[in-house]
């Protein structure tokens with residue numbers, strides 16, 4: 001075992017288009033980015049690939065079974081300056097998911113959800129910056145799937 005900590009935080013998030021728009025979840029009080037809206041996602045665990053991680057995180061956070069497939073998109077990474085991951089390179093990866101089954105039920109990290117149109121999502125003041133950047137990168141694909 002080593003005392004070294006990882007220098008990169010690899011995370012993945014899933015944009016899930018539905019009939020009422022894209023699924024957004026709101027961070028619970030006391031959590032990292034509390035009160036901010038984002039798409040479901042989380043950290044890559046040892047032994048997982050990005051597809052497995054995104055599908056697992058979507059289920060853990062929403063109780064929904066989805067499938068994701070390439071292309072996986074990356075957004076610009078940043079060095080985190082506060083919170084539990086301060087000092088780490090934040091490297092986000094995104095994909096668009098397809099609903100398979102399940103009833104939406106939030107996990108403990110989130111306290112609200114909403115299905116929102118692409119345009120309204122981008123107009124939100126409390127949308128996390130990484131979700132906004134990824135939505136802009138995925139614009140054409142998201143708009144195509146939402147219609």
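On the stretch given as the stretch 13-49, residues that are more than 19 Å from residue 99 (Cβ to Cβ), outside any strand (DSSP E or B) and in contact (Cβ under 8 Å) with a residue 12 or more places away in the chain total 8. Screening residue 70 against (1) farther than 14 Å from residue 13 by Cα; (2) more than 15 Å from the chain's Cα centre (by Cα) leaves a single unmet condition, (1). Of all residue pairs spaced 6 or more apart or on separate chains, none has beta-carbon atoms under 6 Å together with a first member in the stretch 107-124 that is on the phi > 0 side of the Ramachandran plot and free of Cβ contacts under 8 Å to residues at least 24 places away in the same chain and a second member that is exposed (fewer than 14 other Cβ atoms within 10 Å of the Cβ) and assigned to a strand (DSSP E or B).
Could you tell me whether any residue of the stretch 55-71 is in contact with a strand residue (DSSP E or B) (Cβ under 9 Å, 6 or more places away or on another chain), over 25 Å from residue 120 (Cβ atoms) and crowded, with 21+ Cβ neighbours inside 10 Å? The answer is yes, given that some residue of the stretch 55-71 is in contact with a strand residue (DSSP E or B) (Cβ under 9 Å, 6 or more places away or on another chain), over 25 Å from residue 120 (Cβ atoms) and crowded, with 21+ Cβ neighbours inside 10 Å. Here residue 128 does not fit the description of being crowded, with 18+ Cβ neighbours inside 10 Å, more than 21 Å from residue 7 (Cβ to Cβ), without any contact (Cβ under 8 Å) to a residue 60 or more places away in the chain and under 12 Å from the mean Cα position of the chain (by Cα). Output the residues belonging to the stretch 59-76 that are part of a loop (DSSP other than H, G, I, E, B) and in contact (Cβ under 8 Å) with a residue 60 or more places away in the chain. 72, 75 - these are the residues of the stretch 59-76 that are part of a loop (DSSP other than H, G, I, E, B) and in contact (Cβ under 8 Å) with a residue 60 or more places away in the chain.
Kindly check whether there is at least one residue in the stretch 47-67 that is in contact with a helix residue (DSSP H, G or I) (Cβ under 9 Å, 6 or more places away or on another chain) and closer than 14 Å to residue 134 by Cβ.
Here is the first cut: in the stretch 47-67, the residues in contact with a helix residue (DSSP H, G or I) (Cβ under 9 Å, 6 or more places away or on another chain) are 48, 64-67.
Going one step further and asking which of them are closer than 14 Å to residue 134 by Cβ, we end up with none.
Checking the stretch 47-67: not a single residue is in contact with a helix residue (DSSP H, G or I) (Cβ under 9 Å, 6 or more places away or on another chain) and closer than 14 Å to residue 134 by Cβ.
Count, please, the residues in the stretch 79-92 that happen to be in contact with a helix residue (DSSP H, G or I) (Cβ under 8 Å, 6 or more places away or on another chain) and either at pLDDT below 80 or farther than 19 Å from residue 58 by Cβ (or both). Give the derivation first.
Within the stretch 79-92, the subset in contact with a helix residue (DSSP H, G or I) (Cβ under 8 Å, 6 or more places away or on another chain) is 90, 92.
Next, only the ones that are either at pLDDT below 80 or farther than 19 Å from residue 58 by Cβ (or both) stay: 90.
The total comes to 1.
The values are calculated or read from the model by the stated rules, or taken from the named source; none is laboratory data. What you are looking at is a predicted structure, and each value in this text was computed from that prediction instead of being measured. Note: ideal-geometry Cβ built from the backbone for every residue, glycine included; neighbour counts use all protein chains shown.
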